[in-house]
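Participant: Sharing a structure below in structure tokens format, with a few things to ask.
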Amino acid sequence: MATDAIRVRPAEDGDRRALALLVAAVAEERDGIATEPPVDVDERAAIWDLDGTLVAAAAGGIVGELRVERSWFGYGEIGMMVAADWRGRGVGAALLVAAIDSARAQGLHKLALSVFPHNDAAIALYRKFGFVEEGRRVRHLRRAER
């Protein structure tokens, strides 16, 4: 899939349900994000903070999401999800390009993120964009299966 088929844009109010469904689908995988199933899609859609959220749209739907939460200290914290059938097709890269451009335009001096250590594909993508490991949090998140 060519990256020109992927359109990255700021999230809109009408994206809330699609974003919540994406969270629910990725949570069902139980290894990529901290959210665990079941996800209350209606509740998640209602409370989604669209500020700082970018969406990747393709094939008539939302196939990825990246949120930059701006800190008081001049950096942004990234969280990102890509639909399983769209991984490895340029969605994450397109979202990161847009997030980095937006962060620069806002004067942020750094972007930071957390990623599970077994998520080799995500780690490779982040390294490709210049991210480096600064530390590890051990047993930081409580998971139901542990």
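Participant: Please count how many residues of the range 49-58 are assigned to a loop (DSSP other than H, G, I, E, B), surrounded by fewer than 19 Cβ atoms within 10 Å (Cβ to Cβ) and touching a residue at least 24 places away in the same chain (Cβ under 8 Å).
Facilitator: Qualifying residue count, the range 49-58: 1.
Participant: Tally up the residues in the range 67-102 that are of a type in the set (A, V, I, L, M, F, W, C), within 17 Å of residue 119 (Cβ to Cβ) and under 12 Å from the mean Cα position of the chain (by Cα), please.
Facilitator: Qualifying residue count for the region: 9.
Participant: Hey, can you tell me all the residues within the range 109-128 that are among the polar types (S, T, N, Q) and either over 16 Å from residue 68 (Cα atoms) or assigned to a strand (DSSP E or B) (or both)?
Facilitator: 119
Participant: Looking at (1) touching an Asp or Glu at 6+ places or on another chain (Cβ under 9 Å); (2) within 18 Å of residue 91 (Cβ to Cβ); (3) not aliphatic (A, V, I, L, M), which one does residue 7 not meet, given that it meets all the others?
Facilitator: Residue 7 satisfies every listed condition except (1).
Participant: Run down 61, 92, 107, 130 and say which single residue is crowded, with 20+ Cβ neighbours inside 10 Å and at pLDDT 95 or above.
Facilitator: 92
Participant: Same structure again: Could you grab the pairs with beta carbons closer than 9 Å, sequence gap of 6+ or different chains, first residue in the range 74-88 and touching a residue at least 60 places away in the same chain (Cβ under 8 Å), second one part of a strand (DSSP E or B) and loosely packed, with under 15 Cβ neighbours inside 10 Å?
Facilitator: These pairs meet every condition: 83/61.
The values are calculated or read from the model by the stated rules, or taken from the named source; none is laboratory data. If you're wondering where the values come from, they're calculated on a predicted model, not measured in any experiment. Quick reminder, even Gly has a Cβ in these numbers, built from the backbone with ideal geometry, and neighbours come from all protein chains shown.
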